[in-house]
Amino acid sequence: MATELRCLDSMPCHNQQVNCASTQNPEPQQAGELIPDHAGGNSDFAGKLTLLRGRVSSSSVPAERDSQACGGATLNSESNGGTGNSDAPASDSLLGDCELSRQIGAQLKLLPMNDQIRELQTIIRDKTASRGDFMFSADRLIRLVVEEGLNQLPYKECMVTTPTGYKYEGVKFEKGNCGVSIMRSGEAMEQGLRDCCRSIRIGKILIQSDEETQRAKVYYAKFPPDIYRRKVLLMYPILSTGNTVIEAVKVLIEHGVQPSVIILLSLFSTPHGAKSIIQEFPEITILTTEVHPVAPTHFGQKYFGTD
């Protein structure tokens, strides 16, 4: 397990009851980020990347394995302007393979790249993909991220008896986990979490731009009453500037949640977005499949059929 979070708490996810706010709020604008941010450079950011290799920490990967360790995380500019992200600052230059593996940190974790993940990313970014293919690929990628997110939760050893009477030493997750989706695009990840953790409680946060100030404003927040005692899987598929997530984490902190027990699940991130979140909350864990200067900010609109 690449990261171990420890927190004393209550019910395991398979014994929890679904407590999910059903309020459906229209998304007044793109499900991307909301406040402009001008922080630039990647010198500190490069030191905060961890490439997952199964459940083994990659802190011991030598520099000679740069090309292998970072083969899936190479950041190449996207030629299709249709999925462009105007929020990504020009100062966020591409991170090379060597930089990614040379400076290993614990905050940002990338799923190991393979052809399956690469194909799913390609379909999601393809403007000619049908909505059916888009949703199918998005749900598959969400499931992969959620599965790895659960791998980041603490577990304990246990003993069970098989039908033949054999004593088997296994593991089970510790108690006290919940999900929180940032509406609207974060709701696309809820079913993937429920598929893996059947009765997990899920809270919601709605953040929109204030019409006068153009700054992010929290309009709605509904959490399990004991969320301050739980590990939180925060769901938001696209990290562009990072400001929406920053506001969401502030709300969680106001409800007693410590950043060290928050695992942010996303599909795509820009270097600037991930760096902004890590700089604001150094203890948070970010799990994503790709870090690229151009994020598919059309995700929420196409997934929900409002594009």
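Filtered by the rule that a residue be touching a residue at least 40 places away in the same chain (Cβ under 8 Å) and closer than 26 Å to PRO296 by Cβ, segment 208-222 gives GLN208, SER209, GLN214, ARG215, ALA216, TYR219, TYR220.
Within segment 184-195, which residues are crowded, with 24+ Cβ neighbours inside 10 Å and within 23 Å of GLN208 (Cα to Cα)?
Residues of segment 184-195 crowded, with 24+ Cβ neighbours inside 10 Å: 185-186, 189, 193.
SER185, GLY186, MET189, listed by residue number.
Inside segment 240-284, can you point out the residues that are of a type in the set (Lys, Arg) and surrounded by 22 or more Cβ atoms within 10 Å (Cβ to Cβ)? Within segment 240-284, just LYS275 meets the criteria.
Of the residues contained in segment 196-207, one or more are found to be more than 22 Å from LEU144 (Cα to Cα), touching a residue at least 60 places away in the same chain (Cβ under 8 Å), assigned to a strand (DSSP E or B) and not acidic (Asp, Glu). For first residues located in segment 172-184 and under 18 Å from LEU264 (Cα atoms), partners that are of a type in the set (A, V, I, L, M) and at pLDDT below 85 and lie 6+ apart or on another chain with Cβ distances below 8 Å form the pairs GLY176/LEU8; GLY176/MET11; ARG184/ALA31.
Just checking, does segment 227-239 include any residue being open to solvent by 20 Å² or more (accessible area, probe 1.4 Å), free of Cβ contacts under 8 Å to residues at least 60 places away in the same chain and closer than 20 Å to CYS197 by Cβ?
Residues of segment 227-239 that are open to solvent by 20 Å² or more (accessible area, probe 1.4 Å), as a first pass: 228-229.
Checking the rest, the ones that are also free of Cβ contacts under 8 Å to residues at least 60 places away in the same chain come to 228.
Then drop every residue that is not closer than 20 Å to CYS197 by Cβ, which leaves 228.
Scanning segment 227-239 turns up at least one residue that is open to solvent by 20 Å² or more (accessible area, probe 1.4 Å), free of Cβ contacts under 8 Å to residues at least 60 places away in the same chain and closer than 20 Å to CYS197 by Cβ.
Close contacts from segment 121-145, counting a first residue that is within 24 Å of ILE286 (Cα to Cα) and a second that is open to solvent by 60 Å² or more (accessible area, probe 1.4 Å) and at pLDDT below 95, with Cβ to Cβ under 7 Å and a gap of 6+ residues or different chains, come to ARG143/ASP195. Within segment 210-226, identify whether any single residue is under 19 Å from the mean Cα position of the chain (by Cα) and buried (at least 24 other Cβ atoms within 10 Å of the Cβ), and answer yes or no. So far as segment 210-226 goes, no, none of its residues is under 19 Å from the mean Cα position of the chain (by Cα) and buried (at least 24 other Cβ atoms within 10 Å of the Cβ).
Among the residues of segment 156-183, write down those that are within 30 Å of GLU247 (Cα to Cα) and either touching a Pro at 6+ places or on another chain (Cβ under 8 Å) or surrounded by fewer than 10 Cβ atoms within 10 Å (Cβ to Cβ) (or both). Reasoning before the result, please.
Our first condition is that a residue be within 30 Å of GLU247 (Cα to Cα); within segment 156-183, this holds for 173-183.
Residues satisfying the conditions are PHE173, GLU174, LYS175, GLY176, ASN177, CYS178.
The values are calculated or read from the model by the stated rules, or taken from the named source; none is laboratory data. What you see is a predicted model; the values in this text were computed from it and never measured. Every residue, glycine as well, gets a Cβ built from its backbone with ideal geometry; the counts of neighbours run over all protein chains shown. For accessibility, only protein heavy atoms count, side chains too; no ligands or nucleic acids. Shrake-Rupley method; radii C 1.70, N 1.55, O 1.52, S 1.80 Å.
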